[in-house]
Amino acid sequence: MLPQIVFSLLCSFLCFHVVLSRSLPSQSHQVLDVSVTLQQAGEVFSSKSKTFDYGQLVTSSSSSSSFSLSLHPRSSLLKPIHNHNYTSLTLSRLARDSSRVNSLNSHHQLALSGYSRSDFKPVYDTVVQPEDLQSPITSGTRQGSGEYFTRIGVGQPAKEFYMVIDTGSDISWLQCAPCSDCYQQSDPVFNPSASSTYKALTCHAPQCTSLEVSACRTDTCLYQVSYGDGSYTVGDFVTETVSFGRSGSVPGVAIGCGHENEGLFIGAAGLLGLGGGSLSLPSQIKATSFSYCLVDRDANSASTLEFNSARPGDSVLAPLLTNSRISTFFYVGLTGLSVGAQMLQIPASTFEIDSNGRGGIIVDSGTAVTRLRTEAYNALRDKFVELSQHLRSSSSFSLFDTCYDLSSLTKVSVPTVALHFSGGKTLQLHPNNYLIPVDSAGKFCLAFAANSGSLSIIGNIQQQGTRVSYDLANKVVGFSPNKC
Ligand SMILES: *[C@@H]1O[C@H](CO)[C@@H](O)[C@H](O)[C@H]1NC(C)=O
């Protein structure tokens with residue numbers, strides 16, 4: 001490939017895109033290391049289990065208010081039970097991911113339809129499907145949701161718990177004794193009566209009235225969160241002390257104490273809501289920023305979730321946008337996409353939030369595969385296929401329609417994929433962020449998909465290996481590659 005020539009050819013076609021072409025990646029193709037990628041994928045089944053010292057991983061820093069927690073991919077906490085079959089592991093991950101996206105779509109639609117805060121009947125006496133939570137979980141969404149976990153302390157004295165991190169929701173909660181229905185978790189269930197700082201919220205407390213779904217029982221506040229995929233949590237909305245390793249603790253954080261929890265969060269005690277709404281953890285602790293770096297989903301390693309720390313100097317910056325109809329989601333200003341250093345011909349409005357709150361593109365820690373509006377996905381896929389004719393194509397796989405058989409190769413050149421943000425900055429993705437193995441034999445698929453709804457989502461496969469910083473004070477999202 002002669003990128004210079006390709007570039008000048010392109011320029012003659014796209015000379016009216018002067019501003020955009022200025023920030024196009026300099027290379028149309030980059031190298032995917034097939035053998036290293038497959039070797040890395042195999043690590044997911046490695047039985048060597050690392051012992052993480054969660055308390056010690058907390059780093060001190062010059063800024064007294066910043067702190068850092070360890071962050072782990074799900075597979076390092078829960079070894080997948082798939083008889084070392086990477087195909088079935090991928091299928092179950094993708095099924096889980098589809099549930100996740102359905103749940104975001106329905107939350108989005110519900111918010112746009114302008115629903116009002118509703119009361120609900122506490123469902124403590126609901127008859128739940130009998131389910132043997134002790135048995136090995138083997139397939140589909142029963143694998144549980146949540147891709148990355150951190151560990152925090154709750155109560156006084158603090159007890160430590162694994163929590164799923166989620167930028168797509170606001171309310172933090174954990175399973176609480178007494179359980180009328182709790183799924184299996186790896187730590188003992190939180191017992192409020194053993195904590196001196198547990199305090200029920202009254203129905204008129206501002207935190208209670210901020211809930212989208214709440215109920216009142218003898219002047220105590222009940223919350224309910226449903227994730228649209230059949231999983232939900234119901235219980236008391238309370239304040240508790242939340243502690244972060246050695247970095248100290250914050251009293252009076254409103255969290256859900258879930259007495260009835262339907263189990264798609266298997267393993268973790270609950271969830272940390274990192275969304276943009278007023279009840280999210282960053283909002284409640286008045287964080288000016290937070291960031292995470294997601295290690296490879298198959299890795300046996302950890303990275304960090306940080307609050308109030310400076311973003312890396314080399315971060316590619318994108319405007320952090322808000323949708324007046326829904327405060328939870330972190331939208332970014334995305335103007336376009338390029339494949340093989342060619343801008344895709346998609347209307348600039350494709351990723352804009354319209355006056356009804358539809359559209360837009362969010363960054364989400366919990367979605368794996370980036371979802372694009374259908375017309376944008378089709379343009380991306382078509383250009384990728386056009387520039388990948390040197391690769392042997394293979395059949396579709398689950399939600400992926402563009403796959404290649406790379407089994408006979410050790411290294412291969414693949415078209416560059418880049419995101420172009422308003423403000424002119426470009427995030428060039430590493431090949432591992434868009435061409436991923438789906439089996440252990442060498443079948444790789446383009447890890448993007450169409451979303452039937454109006455929302456687009458930048459998923460965590462595209463974020464892996466990158467420190468993503470949400471600068472809430474300055475309304476900027478930073479992407480710093482190679483920073484885990
Ligand atoms: C792996 O799982 C897939 C899908 O569940 C199945 O079709 C395939 O036969 C399995 N392969 C092996 C080697 O067991």
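Residues that are farther than 19 Å from Thr335 by Cβ and either of a type outside the set (Lys, Arg) or assigned by TED's automatic domain parsing to the domain that holds His72 (or both): find the strands (runs of 3 or more DSSP E) completely inside region 379-484 holding 3 or more of those. So that I can check it myself, show each step before the final result.
Details: elements: 403-405, 411-415, 417-421, 426-428, 435-437, 443-446, 448-451, 456-458, 466-471, 476-481.
Result: 403-405, 411-415, 435-437, 443-446, 466-471.
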Seminar exercise, completed: Checked Ser365, Ser407 against criteria (of a type in the set (Gly, Ala, Ser) and modelled with pLDDT of 95 or more); the one match is Ser407
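Mind listing whichever residues of region 452-473 are in contact with a strand residue (DSSP E or B) (Cβ under 8 Å, 6 or more places away or on another chain), surrounded by fewer than 21 Cβ atoms within 10 Å (Cβ to Cβ) and not hydrophobic (A, V, I, L, M, F, W, C)? Walk me through how you get there before you give the answer.
Going residue by residue through region 452-473, those that are in contact with a strand residue (DSSP E or B) (Cβ under 8 Å, 6 or more places away or on another chain) are 454-463, 465-473.
After this cut, where a residue has to be surrounded by fewer than 21 Cβ atoms within 10 Å (Cβ to Cβ) as well, the list is 454, 465, 471-473.
Residues satisfying the conditions are Ser454, Gly465, Asp471.
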Exercise. Does region 423-435 contain any residue that is in contact (Cβ under 8 Å) with a residue 12 or more places away in the chain, on the phi > 0 side of the Ramachandran plot and within 16 Å of the ligand (Cβ to nearest atom)?
Worked result: no
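Is it the case, given these coordinates, that Leu305 is under 22 Å from Leu211 (Cβ atoms) and crowded, with 22+ Cβ neighbours inside 10 Å?
On the way: under 22 Å from Leu211 (Cβ atoms): no; crowded, with 22+ Cβ neighbours inside 10 Å: yes.
No; evaluated as a whole, the condition is false for this residue.
Residues are listed down the side, and each one gets a yes or a no for (1) surrounded by 21 or more Cβ atoms within 10 Å (Cβ to Cβ); (2) over 19 Å from Leu104 (Cα atoms):
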site	(1), (2)
Gly336	yes, yes
Pro347	no, yes
Ser355	no, yes
Ile362	yes, no
Gln389	no, yes
Ser394	no, yes
Thr402	yes, yes
Leu406	yes, yes
Seminar exercise, completed: The condition of being assigned by TED's automatic domain parsing to the domain that holds Gly273, of a type outside the set (A, V, I, L, M, F, W, C), modelled with pLDDT of 95 or more and under 20 Å from Tyr148 (Cα atoms) holds, among Asp170, Asp166, Asp187, only for Asp170
Exercise. In region 86-103, what residues are at pLDDT 90 or above, farther than 12 Å from Val369 by Cβ and either away from the ligand (no atom under 12 Å from the Cβ) or touching a helix residue (DSSP H, G or I) at 6+ places or on another chain (Cβ under 7 Å) (or both)?
Worked result: Tyr86
Exercise. Here is a list of conditions, (1) outside any loop (DSSP other than H, G, I, E, B); (2) assigned by TED's automatic domain parsing to the domain that holds Ser195, and Phe329 meets all of them except one; can you say which number that is?
Worked result: (2)
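Evaluate the following for Ala310: is it closer than 25 Å to Val414 by Cβ and among the small types (Gly, Ala, Ser)?
Numbers: closer than 25 Å to Val414 by Cβ: no; among the small types (Gly, Ala, Ser): yes.
Considered against the rule, which asks whether it is closer than 25 Å to Val414 by Cβ and among the small types (Gly, Ala, Ser), Ala310 comes out as no.
The values are calculated or read from the model by the stated rules, or taken from the named source; none is laboratory data. Remember, predicted model here, so these are calculated numbers, not experimental data. Ideal geometry is used to build each Cβ from the backbone, glycine not excepted, and the neighbour counts take in all protein chains shown.
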